[in-house]
1. Hey, what D do you get for the chain in µm²/s if you plug the Kirkwood alpha-carbon radius into Stokes-Einstein at 25 °C and 0.890 mPa s?
2. As a test of the formula, what do you get for the chain when each DSSP H run with n ≥ 4 contributes -39,500 (n - 2.57) and the sum is divided by the residue count, at 222 nm and rounded to the nearest 500 deg cm²/dmol?
3. Relative to the present Cα-Cα distance, how much length would full extension add between S22 and K43 at 0.36 nm per residue of separation?
4. Pulled fully out, how much extra length does the chain show between V52 and F34, if you take 0.36 nm times their separation in residues and subtract their Cα-Cα distance?
Amino acid sequence: MAPFEFDDSGIDDLMNELDHLSFDIECPECSHSFSISVDDVGKSVICPNCGVSISIESE
Ligand SMILES: [Zn+2]
């Protein structure tokens, strides 16, 4: 049986993925759905379709 080896670099990869996690939102003005980054939570984003400013708030 192979010894269990814990690889720290895997954790780093996972954290990097979480840092760049994105999710889809729907524009309240034009219903266009697009993805934003978790970094945008608490900020405002511009709808790429109609250009309206949407404030992103965490629930
Ligand atoms: Zn829009």
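Bear in mind that the values in this text are calculations on the coordinates, not laboratory data. From a predicted model like this one, the values you see are computed outputs, not experimental measurements.
1. The estimated diffusion coefficient comes to 179 µm²/s.
2. After summing the helix terms and dividing by residue count, I get -6500 deg cm²/dmol.
3. Working: separation 21, 0.36 × 21 = 7.56 nm, distance 1.42 nm.
Gain on extension, S22 to K43, equals 6.1 nm.
4. Numbers: separation 18, 0.36 × 18 = 6.48 nm, distance 1.29 nm.
Working it through step by step, the gained length comes to 5.2 nm.
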